[in-house]
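**Student:** One structure follows; several queries about it will come next.
What follows is calculated from the coordinates using simple rules that are stated; it is not laboratory data. No experiment lies behind these values; they were computed from the predicted model shown. Glycine gets a Cβ as well: all are built from the backbone with ideal geometry, and neighbour counts include every protein chain shown.
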């Protein structure tokens, strides 16, 4: 009986020491990941080709990441507004407008971010203006709103979204 108890105690001590080592490794991995995430990265350059959708999405994602300070969620509402006048692009913008209108009608919880951008600043601002036409005053307090576009379009957007109480930020495309 004594012998069985000693083996049991020895087994438990071994298991606990091994699990403690794994905990140290996990903590070290998490610390290394946090340190890497904290390292500033060079900004992605704005693409020159309006039709290079992947490059534009990478650029906009980078701008959003650099403006996440104070945002409590890790998944912002990001809207890429394509440029062009062909039927497919117009249909995509119409679908996106419907989506944004639904989000605005439902409301966005405080601590979230809404970000809008695309190669054509006017098309992006027009989409935002149409989507926020029926937004209620004060309905988006403590929601970060990021507009990526020209200064003129930014002023138009700010005038429409400010009554909702958003934390408005604008980044000029460059």
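Each row is one residue, and each column tells you yes or no for (1) over 24 Å from residue 137 (Cα atoms); (2) in contact (Cβ under 8 Å) with a residue 12 or more places away in the chain.
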site: 59; (1), (2): yes, yes
site: 72; (1), (2): no, yes
site: 76; (1), (2): no, yes
site: 91; (1), (2): yes, no
site: 96; (1), (2): no, yes
site: 101; (1), (2): no, yes
site: 108; (1), (2): no, yes
site: 118; (1), (2): yes, yes
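**Student:** Looking at segment 131-144, which of its residues are surrounded by 15 or more Cβ atoms within 10 Å (Cβ to Cβ) and under 22 Å from residue 92 (Cβ atoms)?
**Tutor:** Residues satisfying the conditions are 131, 132.
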